[in-house]
1. Given the options 292, 335, name the one that is surrounded by 14 or more Cβ atoms within 10 Å (Cβ to Cβ) and modelled with pLDDT of 65 or more.
2. Tell me, which helices (runs of 4 or more DSSP H) lie completely within segment 152-210 with 3 or more residues that are touching a residue at least 40 places away in the same chain (Cβ under 8 Å) and either of a type outside the set (Asp, Glu) or under 22 Å from residue 241 (Cβ atoms) (or both)?
3. Answer yes or no as to whether residue 58 is touching a residue at least 60 places away in the same chain (Cβ under 8 Å) and within 23 Å of residue 83 (Cβ to Cβ).
4. Take segment 402-461 and flag every residue that is in a helix (DSSP H, G or I), in contact (Cβ under 8 Å) with a residue 40 or more places away in the chain and not hydrophobic (A, V, I, L, M, F, W, C).
5. Given (1) charged (D, E, K, R); (2) part of a strand (DSSP E or B); (3) out of contact with any helix residue (DSSP H, G or I) (no Cβ under 7 Å at 6 or more places or on another chain), where does residue 468 come up short, assuming only one miss?
6. I'm trying to understand the selection: among the residues of segment 1-18, which are open to solvent by 40 Å² or more (accessible area, probe 1.4 Å) and at pLDDT 85 or above?
7. Would you call residue 108 modelled with pLDDT of 90 or more, open to solvent by 50 Å² or more (accessible area, probe 1.4 Å) and of a type in the set (Lys, Arg)?
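The values are calculated or read from the model by the stated rules, or taken from the named source; none is laboratory data. The structure presented is a predicted model; accordingly, all values stated were derived computationally and were not measured. In this analysis, Cβ positions are derived from the backbone assuming ideal geometry, glycine residues included, and neighbour counts consider all displayed protein chains. Quick note on the areas: whole protein, heavy atoms, side chains included, nothing else; ligands and nucleic acids left out. Shrake-Rupley method; radii C 1.70, N 1.55, O 1.52, S 1.80 Å.
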Amino acid sequence: MEPNINTELAKELVLEARKCYQNKNAQDGLILLEKAKDIFIGARDYEHYIEAENLMGVIYSTVGNDSMAIDIYLDCLELARKKRLHQYMAISFNNIGSRYQALGQHDKAIEYFLKAQAEMYKDRIPGREQPGSLLLTLYLNIQESYGRLGEYDKALKYLEMARPIMDKGENNDEYRFSFDVMEAFFKWHTNKYDEVYSTMDKLMEEALESANYMDYLQDFRIMCELLESMEEYANWEKILTAIEEYADSFNYVNAKMFSVEMWMKYYKATGDSEKYKQKCVEHADIYFEMQKDEYEDRIRSLDLKIELQQKEKARRLAKHQSDIDLLTGVYTRRKLREDIKKLERSDEILNVCIGIFDIDYFKEKNDTYGHISGDECLRQVSSVIKKCVGGYGSTYRFGGDEFVVIIRKNEYNIIQNIASKIRNEMVKLAIPNLNSKVSDIVTLSAGFKCGTVGEGNTVNELLDGADKCLYTVKRSGKDGYKIEL
């Protein structure tokens, strides 16, 4: 798709939204993403629309609104499936799996991660590498869930698949801690204790400098579990202090809850019963805060869904109005161009017939009976053509008194039947046109060109053929039709 000013602006809005999210300003990020989505959908830029919506889902999950996040991921998945965008289906499957993973449902998470992997391979083109960051994220997610289920062989397999992507990518620094902490976790649980101790200083440095906000809590949960298993209480306390600072700076209730739960585990492990009780009280307070936030989130979610529904309704109405000719009620020339592009994008060879109609001596009709009568004539003629074409195709007003039909058949007898019906219906209608040189009623001249679209054959070739047939009819005295196979 060629870039335009609007979509370039929308891409900038997405970048700004990501910065807002990283700077702990989720609400402004969501507002920017809504604006970007409106531009992308208007431009039919479905890839960037899905990317923007997936980022919204990530932000909602970060602030603890899993319900809204899942709704968004499912919407993305449906659109990607409809447009056959396998890579974007993979992103959506991965994000849904991540939510199951965060809830500890690792069997279900793996099911979605493997679906994502399958979609990635559908887009594989020989000689072209897959998007590294997506594959890396996917492999890290799969290996974590296998590890959580105690299936360390499978976990290590995916960790090794992730390693070359991790080492090769120039922009993979944000995933370094995710990779290294999982590797250390698996090594510890497969009794490679010395290797873990030898990398602890490096791991602590990475942890305290981590800027991977999307996976922050997930990575630090693993780090805390590793340090607890190692009884590295001094390092564990440093990590918990970092988590607490993260939670305070973001001011998200779920991050505060995570911080308190980690401190509770720490104080229980170290036997500090007094501080453990204090954290239990904090835990209860945050729980009630979460209940309040959940109630407010439901209201915001409902408001947002209604707003989105109204926007979609307005968009559909605007599109319908641009597709339908207000005078005649048939499709517009703009809609004709759009439908021609759809036909030519088809993977199949299509049987098609194009018909062009012209009202004979329409200027004389207008001059004799006036433009109001002329408008009524256009309405009646378009209605006849539309009715006789019926389910075989679509009718368009090409401009002035010209109409075009696209018929999804190319057999001569079917086209002749339609053309004869239209001619007979016009006789029955008997719209007066006393200054016509061929009849005292309104008549039509028409040309039809039958053929196929696909494998180099275009609709425009059929349009040109139909136009030549129409020209032949008009030169032969009008009030008739010609069909060419």
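1. Being surrounded by 14 or more Cβ atoms within 10 Å (Cβ to Cβ) and modelled with pLDDT of 65 or more holds for just one of 292, 335, which is 335.
2. In segment 152-210, 173-189 are the helices (runs of 4 or more DSSP H) which contain 3 or more residues that are touching a residue at least 40 places away in the same chain (Cβ under 8 Å) and either of a type outside the set (Asp, Glu) or under 22 Å from residue 241 (Cβ atoms) (or both).
3. So residue 58 fits the description; yes.
4. Result: 412, 416, 423, 425, 460.
5. All conditions are met except number (2).
6. 8, 9, 11, 12, 15, 16, 18
7. yes
This table checks each residue for (1) closer than 25 Å to residue 310 by Cβ; (2) crowded, with 20+ Cβ neighbours inside 10 Å; (3) among the aromatic types (Phe, Trp, Tyr); (4) in contact with a strand residue (DSSP E or B) (Cβ under 6 Å, 6 or more places away or on another chain).
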{"site": "36", "(1), (2), (3), (4)": "yes, yes, no, no"}
{"site": "41", "(1), (2), (3), (4)": "yes, no, no, no"}
{"site": "91", "(1), (2), (3), (4)": "no, yes, no, no"}
{"site": "121", "(1), (2), (3), (4)": "no, no, yes, no"}
